[in-house]
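*Asks:* Below you will find the structure I want to go over with you.
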Amino acid sequence: MYNIRKYLIAVVEQEPTLLSSSIKNNILFGVSQNKIKNQDINYWFKKFNLYDFIIGLPNHYDYNIGENSKNISGGQKQKLAIIRALLKRPQIIILDEPTSSLDKIGKNVLIEILQNIKKDRIIIIITHDNDIFKICDEVIELSQKIHNKTAIN
């Protein structure tokens, strides 16, 4: 079970927890580093419109994310968590309100990525975002008391 959770499943929370460490350590946490190339990292950062931000920071990828991630925005934190999940290349991805802190570009990028990878993975999305529903193969609406929808790709 440990290996299944470690290698086959990635979770992106609505309020992602990041390490008080470098950006590089945060995106590679839990990722098999022998599979990752710098061009993979740069690709995802450019895709999510974070590359120029990172290059503008002192120490770039070695920039230290402070305690409670207070020195980056909520959207940047969410993008880092999504990039970490994508770099892991899991078979199952669970996303809890993945667009809640994303700007319009980030949201559109995420939708495009999910659309492109869903044929090879199981993707479970907990969301209120109607734009996400458009790309889902199945939508499960929970009871009125809960007011949540779970989207399954």
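The values are calculated or read from the model by the stated rules, or taken from the named source; none is laboratory data. Treat the numbers as computed from the prediction; the structure is a model and nothing was measured. Cβ placement follows ideal geometry from the backbone for every residue including glycine, while neighbour counts extend to all protein chains displayed.
*Asks:* Take residue 61 and tell me if it is without any contact (Cβ under 8 Å) to a residue 12 or more places away in the chain and among the hydroxyl-bearing types (Ser, Thr, Tyr).
*Replies:* Here the answer is no, as residue 61 does not meet what is asked.
*Asks:* Answer yes or no: is there a residue in the stretch 58-74 that is at pLDDT 90 or above and under 23 Å from residue 120 (Cα atoms).
*Replies:* no
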